[in-house]
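> To start, I am sharing the structure in question, which I have written as structure tokens.
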Amino acid sequence: MKLVVAIVQNQDSKRLADEFVEKGFRATKLSSTGGFLRAGNTTFLVGVEDRRVESVLALIKENCSTRSQTMMSPPSYDFTLESDLTYPVDIEVGGATLFVLPIEQFRQF
Amino acid sequence: MKLVVAIVQNQDSKRLADEFVEKGFRATKLSSTGGFLRAGNTTFLVGVEDRRVESVLALIKENCSTRSQTMMSPPSYDFTLESDLTYPVDIEVGGATLFVLPIEQFRQF
Amino acid sequence: MKLVVAIVQNQDSKRLADEFVEKGFRATKLSSTGGFLRAGNTTFLVGVEDRRVESVLALIKENCSTRSQTMMSPPSYDFTLESDLTYPVDIEVGGATLFVLPIEQFRQF
Ligand code: NI
Ligand code: NI
Ligand code: NI
């Protein structure tokens, strides 16, 4: 058994939690305020057999990787331009940080 | 020293916290929303000397084991029956999942 | 890499979080209700390269050590004295408990 500690963005945590259930992984969700000091992260604790560790990591990678997302820019306040002019910008979203910890004992009562 | 990570049902966490104080264990309680993806769990971190690990596990087992509880069923909406008919049902409550982690350093300031 | 789990008093957590950012450490803050069963603690998870572990511990020690603070006592209700008589008292504040955990894998996506 290993204990996987995974810190993911809030926007990805619901989908990841659903995937954990679907694939039969047992995950606990901790409230984390400011994961890695940025707002809006969630910390999962996942207890997993050694042979399934790579599957957990792949699932997190698939659902939470850093990726680019196109958003409309906020309106410009440069008065030489139309004040309601917006345009598409690419921002980075998602991202996950994982620690796989060794376990000396795993017990369930 | 070991670090015991214990996920228990909310209904058992107050009693367990009291027992930790009574027995001289130092435990930190983390807010966990949906421990193991079910609502209402609490995660404890307990730093403990090697020789007392089994005592911590026994204390958690004693206070948080899965057990059966008899409740009255919700009223039936089968209109061939009396609509306010309730009857006793057994539901499973409690339960704990524990990880005992090795520690490389333990420090207090 | 190691995972440092640090439990500190709330009053020190903002300053410590700022110091982590300033020194380039990546820390996740977990909501902990009643760290070590006393109200008002915060749990940080800090992933750190082996060679920087001592720097993290020193930073926590510097910002969160137990120290004495002088406060005015609450007004006395001993009616043989003036009821609004207050006087300075020393109370203990701060304090940190740290666990340095070994990591088998560290991944970022
Ligand atoms: Ni799916
Ligand atoms: Ni007792
Ligand atoms: Ni500074």
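> Can you give me the long-range amide H partners of C:ASN41? Hydrogens built in the peptide plane at 1.01 Å from N, cutoff under 5 Å, separation of 5 or more residues or another chain.
For C:ASN41, the qualifying residues are C:ASN10, C:GLY34, C:GLY35.
> Chains B and A: buried accessible surface, both sides, probe 1.4 Å, rounded to 100 Å²?
2100
> Check cross-link reach from A:LYS29 to the lysines: straight Cα distance under 26 Å, and skip same-chain residues fewer than eight apart.
Counting by Cα, and skipping residues close in sequence, A:LYS29 has these lysines nearby: A:LYS2, A:LYS14, A:LYS61, B:LYS2, B:LYS14, B:LYS29, B:LYS61, C:LYS2, C:LYS14, C:LYS29.
> What gaps in nm, shortest first, separate A:ARG51 from its twins in the other copies when you place the label 7 Å past Cα toward the beta carbon?
In nanometres, ordered from closest: 4.0, 4.0.
> State, to one decimal in nm and shortest first, how far the label point of C:SER65 sits from each corresponding label point in the other identical copies (label point: 7 angstrom along Cα-to-Cβ).
Label point to label point, same position, other copies: 4.7, 4.7 nm.
> Using a simple spin-label model with points 7 Å from Cα along the Cα→Cβ vector, what separation in nm is obtained for B:ILE91 and A:ASP50?
Label-label distance for B:ILE91 and A:ASP50, simple model: 4.0 nm.
The values are calculated or read from the model by the stated rules, or taken from the named source; none is laboratory data. Since the structure is predicted, the reported quantities are computational estimates derived from the model, not experimental observations. Neighbour counts are summed over all protein chains in view; Cβ atoms, including those assigned to glycine, are modelled from backbone coordinates with ideal geometry. Just the protein is used for accessible areas: all its heavy atoms, side chains included, with ligands, DNA and RNA removed. Shrake-Rupley method; radii C 1.70, N 1.55, O 1.52, S 1.80 Å.
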